[in-house]
Amino acid sequence: MKLKKIAALICAAAMVTLCAAGCGGGSSDDKTEDAQKKSEPVEVTEYDSQAIENAGDITLTLMMSGTEVENDFDTEVLPKLVKEKWPNVTLEVTKLPDDNYYTALKTKLASGECPDMILVQPMYAGSNACYSLADSGYLAPLDDLKSLDNMEDVSGMTYNGNVYGLPKGVSILGTYYNKDMFEECGIKEEPKSWDDFLDACEKLKKAGHQPIVMGDKDQYVLQFGLYQLAANEIYPDNAAYDEELRTDDTSFTDEGTWDHVLEMYNTLYEKGYIDSSQSLGLSASQAIQEFIDGNAAMTFDGSFNATALLADGAAGSFARGYFPLPGDKGDVYTATCLSAGMGIYSKSEYIDECKELLDYWFDGESEIWDAYISTGKYIMTYGNGAETAPNYEMFRPFVDLLNEGKAFHWCNQSWPAGTETTMEELFSEMIGGQGTTIEDITEGMQDKFEDLLDE
């Protein structure tokens, strides 16, 4: 199956919760109503494809979240290439750590001084969730973008019949590992079961290596391992689990669901495979540095951080691999979704200019596209160089699982933003020795989920 088909597979296997998207509070019957059908889509006419050429000297602004790296594409390469393509355009890019980005975005939207383009997450994921921002009127519809013709599915960016975000690719959660350490400890294959994984961790620990490093000071990284386990433990049994959360047919407190996932992940801390005394003091970027410095054998992270995780550190160059964290139910599934993408602020005075820029960027053949692909940071579903991009071979096992339909969305995409924060805070309390239990976490998640739906 061609790589271009991946998005369609994600739709089939991962976006099963979309029929519940946009639901609010009220009765159980109200919660089953699809909010995307509550009114007619906005009619969008073709934008001016020569808007930039006719604009004179202009400055376009873009704000996004992430960690800057050397020769960063977003903050260095992209503005330079935009200037080369359109000498009359200056692109100013601001890149902030996730929490800072969410805070800045909220402030700028409230003040009416939002950048022309912003990074948005699919569905309900995070404070920059596409559905929430579109519902509040902050995003311009993008249905007239020509680059959408290259994408087989943008359901996670479609709200009330209109497209409000342009996905930047496909994002994977997986387990980066040090192949040299694995070989040294006699671990000949990537783990294909939970028992295999725990066995590998034990061998690494006995050899004097820290099996896994995580930057739990930035609590959001807890999602990187938990969602991999949820993809194996919850959704294969009930792909509509998140949809049924909204109709009260399932609950975070249901036995054998999130309690099981949390217990499995906590095992890694109890056995010292993740050292909580270390992880709770490390930021996400510090944990990446620990891994590339050769101070740990594994870390849970995303394809979006591949550049940083594959860089040389104090340990020099060593072979690295990437595998999906397996569960204990047999087949291996992957936590994969459409990645965050670009949205245009609805009150920007340069909406057509931004559309022209985005269409050029994502046309599958432009100089900006080629530079974007060459970063190896994103898995694209179309265009020049998609299958020959750096690191594609490392991602191929995940692509194979996608092609087999063994992929599920990142859980927080279907939850009201804030549910995952409660999960992270309570789990951090538990591993920090504050007496919080698994039951406290699942009850807290359920209470928060219900409160947010009722708002």
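Results, tabulated for the structure shown:
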item	result
The range 373-455: mean projected area of Cα convex hull, nm²	8.4 nm²
Label selected from [x] 0.96; [y] 1.46; [z] 1.37, the criterion being Cα Rg over 2.2 N^0.38 Å as computed here	[x]
In degrees, nearest ten, helix 419-431 long axis to first principal axis of the chain (Cα)	30 degrees
Phi-based couplings in Hz for the range 367-375 (Karplus 6.51, -1.76, 1.60; Gly and Pro marked x)	5, 5, 4, 4, 5, 4, 5, 5, 5
Distance violations [Cα-Cα > 23 Å] among K106/K448; K108/K377; K95/K168; K179/K203; K179/K206	K108/K377
Within the range 39-179, percent of DSSP bridges classed antiparallel, to nearest 5	15 percent
Under 5 Å, built H, 5+ apart or other chain: amide partners of A129	Q121
Fraction of antiparallel bridges per DSSP, the chain only, in percent to nearest 5	60 percent
Acute angle (nearest 10 degrees) that the helix 392-403 long axis makes with the longest principal axis of the chain, alpha-carbon atoms	90 degrees
Relative contact order for the range 168-280, counting Cα pairs under 8 Å that sit 6 or more residues apart, in percent	29 percent
Relative contact order %, the chain, counting alpha carbon pairs below 8 Å whose residues are six or more apart	26 percent
Ordering of 243-251, 121-129, 415-423 by burial proxy (mean other Cβ atoms within 10 Å per residue, highest first)	121-129, 415-423, 243-251
Likely footprinting exposure, V213, V93, fewest C-beta neighbours within 10 Å first	V93, V213
Value of D in µm² per second that Stokes-Einstein yields for the range 36-126, Kirkwood Rh from Cα pairs, at 37 °C (0.692 mPa s)	212 µm²/s
Amide N of the range 201-231 lying under 15 Å from the label point, which is placed 7 angstrom from the Cα of T247 along Cα→Cβ	none
3J(HN,Hα) from dihedral phi, the range 447-453, Karplus parametrisation 6.51/-1.76/1.60, rounded to Hz, x for glycine, proline	4, 5, 4, 5, 4, 5, 5
Efficiency of FRET between K80 and D144 - r from beta-carbon atoms, R0 30 angstrom, step 0.05	0.65
Degrees between helix 351-361 axis and first principal axis of the chain (Cα, 0 to 90, nearest 10)	50 degrees
Likely footprinting exposure, T175, T437, T299, fewest C-beta neighbours within 10 Å first	T437, T175, T299
Extension gain, D196 back to E443 (0.36 nm per residue minus Cα-Cα distance, nm)	85.8 nm
Computed P(r) (all Cα pairs; the range 287-403; 10 Å bins; percent)	11, 33, 31, 18, 6, 0
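Read-outs: derived from the displayed coordinates by stated rules, not from any lab. Nothing here was measured: the structure is a model prediction, and the numbers come from that model. Note: ideal-geometry Cβ built from the backbone for every residue, glycine included; neighbour counts use all protein chains shown.
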